[in-house]
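The values are calculated or read from the model by the stated rules, or taken from the named source; none is laboratory data. Note that this is a predicted model, so its numbers are computed, not measured. Positions of Cβ are backbone-derived with ideal geometry, glycine not excepted, and every protein chain shown enters the neighbour counts. Ligands, DNA and RNA are stripped out before the accessible areas are found, and what is left, the full protein with its side chains, is counted by its heavy atoms. Shrake-Rupley method; radii C 1.70, N 1.55, O 1.52, S 1.80 Å.
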Amino acid sequence: MFNATQFIEDALDEIRETVGDNTVIIALSGGVDSAVAATLVHEAVGHHLVAVFVDHGFMRKGERREIIKTFRDELGMNLVVVDAQDRFFEALKGINDPEQKRKIIGNLFIEIFEEEAKKTGAKYLAQGTIAPDWIESDGGIKSHHNVAGLPSGMVLKLVEPLRDIYKDEVRKVARELKLPESISERMPFPGPGLAVRVLGDLTPEKVEIVREANAILEEEIRRAGLKPWQALAVLLGEKSVGVKGDIRDYGYTVALRAVESIDAMTATAMEIPWDVLKTVQKRITREIPDVTRVLYDITDKPPATIEFE
Ligand code: XMP
């Protein structure tokens, strides 16, 4: 049986022992994994931690504001916010391949961290890597940026306090650390963010569409009292025929997905009540005029992965 109190005690000892008096830098993504990792390191070394939030432009609606509020204002962390949207869009221009997207995002992430780290003199990079991240990367299923994105010239040493535990255990640690519910119960969200929820090439316009669609889905899921492991909206690549008023129209297709899972290694498509799905569809097509079609994905993992890319 996993004991969160014991885990925290051991993790704090190990972090202190590893990093000593050196400065640690961590990437905050807004997700529960990096939040818990940052909070542990913050408890262990206090002001020796510099938390960096790189806004790559693929965050969910309102996430940047929440991150600043929680970590800087409420938890008192030394938080640096880097505005990097333009750099990411520039680097990803015309890129279609999902693995290439992940690599570019991962590498640019690390590059930006290293720039920040140099300013602080940090010797260590803490990460919220959890067990399924490296198990799946080692198995060659998909390269998660936490693991595969490190360029060989990296000068920072890794601190990964959550490396051996799974998401449900991370949430227990988050509750034990008294992190707000908005964090401890937060749905998982991939490091490359909405970039892997727009199939094919990225434009600010497409990312904005998928950001709105994700926000509507999450809001209605919450309103209905449903608690999926993850619920997500994806913008499919091609436009399809639709009709607006009496006029033939070409619009984007958004696919919705909600799954139940214990550790993301396998997942079951969730039976969302029809009226909830219809409400989400109506809101999406009404509030996002560029979308003319909404699908619901009924595939389990395996054979499908949770994310589409
Ligand atoms: P898949 O799509 O592989 O996802 O079934 C399993 C879990 O991992 C998340 N995920 C990612 N997390 N970087 C991350 O940090 C990534 O590149 C990435 N891809 C998927 C996904 O949201 C799910 O919770």
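Data for the structure
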quantity: Some residue of the stretch 201-215 being touching a residue at least 40 places away in the same chain (Cβ under 8 Å), β-branched (Val, Ile, Thr) and within 22 Å of ALA37 (Cβ to Cβ); calculated: no
quantity: Helices (runs of 4 or more DSSP H) enclosed by the stretch 36-130 - at least 3 residues per element that are open to solvent by less than 10 Å² (accessible area, probe 1.4 Å) and out of contact with any Gly (no Cβ under 6 Å at 6 or more places or on another chain); calculated: 98-120
quantity: Failed condition for ASP133, given (1) modelled with pLDDT under 95; (2) surrounded by fewer than 22 Cβ atoms within 10 Å (Cβ to Cβ); calculated: (2)
quantity: Residue in the stretch 23-31 that is open to solvent by 10 Å² or more (accessible area, probe 1.4 Å), under 30 Å from GLU212 (Cβ atoms) and assigned to a strand (DSSP E or B) present; calculated: yes
quantity: In the stretch 168-195, the residues that are within 11 Å of the ligand (Cβ to nearest atom) and surrounded by 21 or more Cβ atoms within 10 Å (Cβ to Cβ); calculated: PHE189, PRO190, GLY191, PRO192, GLY193, ALA195
quantity: Output for the stretch 101-118, where each listed residue is within 16 Å of the ligand (Cβ to nearest atom), in contact with a Leu (Cβ under 8 Å, 6 or more places away or on another chain) and not charged (D, E, K, R); calculated: ILE104, ILE105, GLY106, ILE110, PHE113
quantity: Cβ-Cβ under 8 Å pairs, at least 6 apart or on other chains, the stretch 292-308 side closer than 19 Å to LYS206 by Cα, far side of a type in the set (A, V, I, L, M, F, W, C) and open to solvent by 70 Å² or more (accessible area, probe 1.4 Å); calculated: THR292/VAL243
quantity: Conditions (1) open to solvent by 10 Å² or more (accessible area, probe 1.4 Å); (2) modelled with pLDDT of 95 or more: number failed by TYR250; calculated: (2)
